[in-house]
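**Student:** Structure below; questions to follow.
Read-outs: derived from the displayed coordinates by stated rules, not from any lab. Worth saying up front: this structure is predicted, and the values here are computed from it rather than measured. Using ideal geometry, Cβ is built from the backbone for each residue, glycine included, and neighbour counts are taken over all protein chains shown.
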Amino acid sequence: MTEQLPGGYTGRILRVDLTTERVWVETLTAEECRYYLGAAGIGYKILWEEVPEEVTWDHPENRLIMGSGPLAGTPVWGTGSLNVVTRGAMTNGAVMTNAQGFFGSNLKYCGYDALVLQGQAKKWVYVYINDDVVELRDASHLIGQDTWETQDTLQAEYGLSGHQMSVYGIGPAGENVVRFAIIEGDYGHVASKNGCGAVMGKKNVKCVAIARGTKGVQVHDPSGQFQVADMIAHDLKQGNTYTNGTLGFPAGWQSGMLPTKNYTTNIYPAPERADEFAPLKFRETFPNRGHQCSACGMKGHCHMMVVPEGPHKGTLIDEPEAETLSGCGAQIGVVDPVEVSWLATQVDKAGVDVNEWGWVSGWVMECYEKGYITKEQLGGLEMKWGDVEAANQLLQMLARREGFGDVLAEGVQHAAEYVGGEAYDCAIFIHKGVSPRSHDHRSRWMEMLEGSVSGTATIDTQAMIHLEEFGLPQSHDPFDPQAVGSTLGTMVGRLHFIDSLGICKFTANTYHEFVCSALSAVTGWDYTKEEAMAFWKRCAAMFRLFNLRCGITVDQERPSERYWSTPVDGPAAGTSAKENWETMVNAYYQNAGWDRETGKPLPETLRNLGLEQMIPEVWGAEEAKIGS
């Protein structure tokens with residue numbers, strides 16, 4: 001008798017061996033569906049079981065996992081998420097990063113819960129998926145194209161426009177294995193962290209082109225699903241994101257969270273122009289239309305725009321998000337909304353992570369100004385603050401690894417180590433090889449801490465809404481090191497649950513109870529927030545164990561000197577994350593249930609999370625006998 005799967009699952013993982021060109025399907029049991037839930041759980045399972053220590057990020061046997069979750073393709077807002085799990089190029093450790101759009105729902109409609117790529121193709125290929133048709137096809141004609149051109153080309157070839165086909169792949173940066181290359185698709189939706197695009201490029205895969213399948217999604221309680229979806233939508237409409245999207249620019253610079261000129265100041269260079277980035281006024285600048293993701297009702301989020309004036313007049317661009325406004329704006333001294341938006345789209349098209357790009361280009365501009373990097377080193381470029389055309393030239397050099405761009409393509413930490421001297425002291429990074437998100441975290445200690453200790457090279461806990469559901473205060477002093485560390489440690493890994501459902505982080509800005517009710521309606525489970533919390537902590541523990549096996553140590557979980565420097569001006573002037581670091585980290589480890597000295601989850605933590613089978617390998621056979 002065929003086992004009855006919970007609603008929301010196909011029970012099918014699509015596997016592709018690029019070396020042998022073999023394609024096959026592995027199945028999930030009902031029990032595995034509940035235990036691993038979605039992309040994060042399936043991802044850590046495959047990494048742990050199939051990617052041993054010697055399989056580095058650029059090894060052919062590294063796995064590139066592209067998955068979704070049980071809510072994908074349902075009426076809950078933002079259920080088209082693609083989640084990418086792999087061993088990443090920046091840290092040589094785990095990454096879990098996601099993109100919105102339509103990939104996740106299309107994958108589900110084609111009959112799969114996840115796609116796993118292994119091996120290395122002999123020549124450039126792309127993966128074509130249309131229901132049961134799964135093929136590796138020649139991609140030679142796509143090489144050199146940017147991410148938008150690639151989608152244009154393939155949609156035209158197949159006669160599938162709009163949301164009939166999602167194309168998620170790499171631009172020139174991924175082809176040239178830039179360490180912080182991204183996977184981008186559906187015109188502006190990006191899985192950006194820890195060089196997942198470099199992994200795809202190393203495998204000689206240009207993209208995955210997936211048609212909108214015909215198989216639909218089986219749901220346990222269709223009526224209940226719609227009721228919960230409406231409840232979530234009603235709650236989300238009360239928030240600012242519904243109207244404004246992530247364009248929280250004026251509040252950002254006023255609170256000191258906007259990174260400005262590589263942390264040399266915490267004051268926005270043109271405060272008289274800041275209101276031009278206010279959401280409604282910003283959109284009045286551009287002819288625009290909505291470009292929302294699968295089942296998304298956020299009317300103030302994701303717009304396609306046309307450049308209204310200047311040298312790039314008439315160019316189609318994507319509305320920038322908060323991080324692109326920073327990485328292509330204040331961080332490099334660009335203050336014109338049109339220039340920021342145009343440059344941000346060029347970064348996406350080239351296939352480069354806008355966060356790392358901001359830290360790299362801002363570092364170059366500061367070093368050029370101070371004479372640490374010369375015009376000759378830059379091939380004749382004059383990298384002055386605010387010069388958007390020079391910034392774009394640097395971007396293209398970097399994406400193609402031309403000249404000094406080859407050094408910058410390794411990321412800001414490696415580039416700073418290469419140049420050395422006083423230039424090194426200007427660089428913003430975390431010592432395990434990755435850089436933070438594009439904020440000034442000197443006024444946001446929780447994000448500085450989280451980026452440093454995270455097991456997935458990005459935030460995996462934040463966007464914490466309604467903490468009272470878990471007995472925690474909803475707000476605290478952002479400069480209270482004990483509160484910062486204990487709150488983060490208690491909720492460690494929360495986003496692994498959200499990502500594993502296949503929904504947008506902004507959809508999750510509602511009550512956990514509502515999200516669990518949506519999962520229950522779709523699957524037929526009685527899923528509680530306590531079970532959700534156990535799941536996300538289990539994911540966090542497993543990603544950490546994987547990183548420890550990869551050689552990442554607790555000593556690398558600290559910011560560079562510039563990153564945790566004390567601001568000399570702005571709202572956070574005089575505050576020091578560095579001086580309070582040990583208090584924050586100790587509180588984090590204690591509340592996460594991890595050993596401070598080694599970084600390992602404690603034996604009792606592993607037992608409580610249902611991971612007692614890991615204890616002999618992590619702590620030894622004698623410890624495993626305790627409590628058995």
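**Student:** Applying a 10 Å radius around every beta-carbon, put 512-522, 151-161 in order of their mean neighbour count, most first.
**Tutor:** Packing proxy ranking, top to bottom: 512-522, 151-161.
**Student:** I'm a student and want to see the number: the projected area of the Cα convex hull of the chain, averaged over all directions, in nm².
**Tutor:** One quarter of the hull surface, i.e. the mean projection, equals 26.5 nm².
**Student:** In deg cm²/dmol and to the nearest 500, what is the mean residue ellipticity at 222 nm of the chain if only DSSP H runs of at least 4 residues count, each as -39500 (n - 2.57), divided by the residue total?
**Tutor:** The helix-only estimate for the chain comes to -11000 deg cm²/dmol at 222 nm.
**Student:** Specify which residue in the list ASN509, ALA415, ALA156 is farthest towards the positive end of the charge dipole of the chain, using unit charges on the beta carbon of Lys, Arg (+1) and Asp, Glu (-1), about the Cα centre.
**Tutor:** The Cα lying farthest towards the positive end belongs to ALA156.
**Student:** Sort 497-503, 535-541, 374-380 for me by packing, meaning the mean count of neighbouring Cβ atoms within 10 Å per residue, highest on top.
**Tutor:** 497-503, 535-541, 374-380
**Student:** Would you mind checking the radius of gyration and Dmax of the range 241-425 based on alpha-carbon positions, in Å?
**Tutor:** Taking only Cα atoms of the range 241-425, I get Rg and Dmax of 16.5, 51 Å.
**Student:** So what's the gap between the Cα centers of the range 368-395 and the range 260-277, to the nearest angstrom?
**Tutor:** 20
**Student:** Right, next: Test of understanding: express the Cα radius of gyration of the range 12-211 as a ratio to 2.2 N^0.38 Å, with N the residue count.
**Tutor:** Scaled against compact globular proteins, the figure is 0.92.
**Student:** Quick one: what are the phi-derived ³J(HN,Hα) couplings along the range 404-418, Karplus 6.51/-1.76/1.60 with θ = phi - 60°, whole Hz, x for glycine and proline?
**Tutor:** The phi angles translate into 5, x, 5, 5, 5, 5, 7, x, 5, 5, 5, 5, 5, 5, 5 Hz.
**Student:** Using the Cα centre as the reference, give the magnitude of the dipole from point charges on the C-beta atoms of the range 418-484 (Lys, Arg: +1; Asp, Glu: -1; all else neutral), rounded to the nearest 20 debye.
**Tutor:** In debye, rounded to 20, the range 418-484 gives about 220.
**Student:** What is the magnitude of the charge dipole of the chain about its Cα centre, with +1 placed on the Cβ of each Lys and Arg, -1 on the Cβ of each Asp and Glu, and no other charges, expressed in debye to the nearest 20?
**Tutor:** For this selection, approximately 640 debye.
**Student:** Sticking with this one: Which of the residue pairs LYS202/LYS313; LYS202/LYS349; LYS505/LYS600; LYS237/LYS578; LYS123/LYS349; LYS108/LYS349 have a Cα-Cα distance greater than 30 Å in the structure shown?
**Tutor:** LYS202/LYS313; LYS237/LYS578
**Student:** Which three numbers, in whole Å and largest first, are the semi-axes of the equivalent ellipsoid of the range 92-139 derived from its Cα gyration tensor as √(5λ)?
**Tutor:** For the range 92-139, the ellipsoid semi-axes come out as 19, 19, 10 Å.
**Student:** Report Rg(Cα)/(2.2 N^0.38 Å) for the range 177-295, keeping two decimals.
**Tutor:** In units of the globular-protein estimate, the range 177-295 measures up at 1.49.
**Student:** Order these peptides, 340-351, 566-577, by their mean beta-carbon neighbour count within 10 angstrom, highest first.
**Tutor:** Result, highest mean first: 340-351, 566-577.
**Student:** So, in Å, what gap is there between the alpha-carbon centers of the range 86-126 and the range 554-597?
**Tutor:** The distance from the Cα centre of the range 86-126 to that of the range 554-597 comes to 33 Å.
**Student:** Please work out the Kirkwood hydrodynamic radius for the range 37-134, using every pair of different C-alpha atoms, and report it in angstroms with one decimal place.
**Tutor:** Evaluated over the range 37-134, this radius sits at 14.1 Å.
**Student:** Give me a comma-separated list of calculated 3J(HN,Hα) values for the range 14-30, in order, Karplus coefficients 6.51, -1.76, 1.60 applied at θ = phi - 60°, integers in Hz, x for any Gly or Pro.
**Tutor:** After applying 6.51 cos²θ - 1.76 cosθ + 1.60, I find 7, 10, 9, 9, 5, 6, 8, 6, 7, 10, 8, 10, 9, 10, 10, 7, 4 Hz.
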